[in-house]
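Reviewing the structure listed below.
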Amino acid sequence: MLGAVYGDIIGSYYEVHCTKDYNFPLRKESTFTDDSVMTIAVCRTILDNGENITRKQLKKRAYEYAVRYKQYYSYFRNAGYGQMFIKWAEERNSMKVQKSYGNGGAMRAIPIGYAYDSEEQVLLQAKASCYYTHNCKEAVHGTQAVAMAVLMARNGETKNSIREYLTKKFRYDLDYTIEDIKPGYSFDSSTNYSIPPAIVAFLDSHDYESAVRNAVSLGGDADTMACVAGGIAEAFYKDIPEHIKNFCWLKLDYTIKSTAIEFCRKYNANYS
Ligand SMILES: [Mg+2]
């Protein structure tokens, strides 16, 4: 699961200073951002109540996710959230439903693929995790796609079967390489523009680091795309290079570390 957080950290500098260079350096200015904070909020929600849900229980579960988003936002208010999310998170009296089609649902979906073992449950939980902030088909599909990729990857499915499933289920075009699209790719944090290429960054990789490098060097929403690609890649390769772990671990706040460790231990999510 920390593969997602580390991807966010590595991509954070390049979200602002976009690069097309695959061999970009890890920058000392790198820091965890909203992607990590919200991923950890999802971990906390699941740690507090990891029960399976039925369709009827979706709204109740959605509320539990939303409460944690607001709580973790209040801990880390300057982590680079979108304006719509800030407005939602700072609303005092009610839990409003927002219909953002941004990639903020998908960026926090990695823990769902670790915590639940069936397709039905992963899809339901992903939908619940979007209900209050990303209540539209585009964002829900992106969130479900990322969580399902993690479930399939950790179950030892091949890249081909992951590609086939996501293509069929969500009608994503994943049949290209990073080099194919790099020249014309730019910054856009909508789900449909950024999440399928982030998944391709994983499909087109040969290890954890190459997945993150593929994602960042597209020159788009680098932290979120590296968070998604890195999270799936860790579930698939089950290994993160020591130099990346060492670089990123020191950038983490205690609140994030402690919840991450608790989650990884409980769900066997590759903490080391
Ligand atoms: Mg971010």
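Structural remarks
- Assigned charges on the beta-carbon of Lys, Arg, Asp, Glu; the chain dipole about Cα centre (debye): 1040 debye
- Counting Lys and Arg as +1 and Asp and Glu as -1 over every other residue whose Cβ lies under 15 Å from the Cβ of Arg163, the net charge comes to -2.
- Ordering of 253-264, 133-144 by burial proxy (mean other Cβ atoms within 10 Å per residue, highest first): 133-144, 253-264
- Within the stretch 133-244, the proportion of C-alpha pairs whose separation exceeds 22 Å stands at 24%.
- Peptides 9-17, 103-111 ordered by average Cβ neighbours within 10 Å, highest first: 103-111, 9-17
- Once the mean of 1/r is taken over each pair of separate Cα atoms and inverted, the stretch 74-116 shows a Kirkwood hydrodynamic radius of 12.2 Å.
- Translational diffusion coefficient of the chain (Stokes-Einstein, Kirkwood radius from Cα pairs, 25 °C, 0.890 mPa s): 138 µm²/s.
- Nonlocal amide H pairs with Lys99, under 5 Å, H built at 1.01 Å: Asn135
- Cβ-derived FRET efficiency at R0 30 Å, Met84 paired with Glu179, nearest 0.05: 0.35
- 18 Å cut-off, amide nitrogen to a point 7 angstrom out along Ser74 Cα→Cβ, residues in the stretch 241-258: 255-256
Values in this text are rule-based calculations from the coordinates and carry no lab data. On a predicted model such as this, the values are computed, not experimentally measured, just so you know. A quick note on method: Cβ atoms are made from the backbone with ideal geometry, for glycine too, and the neighbour counts reach across all protein chains shown.
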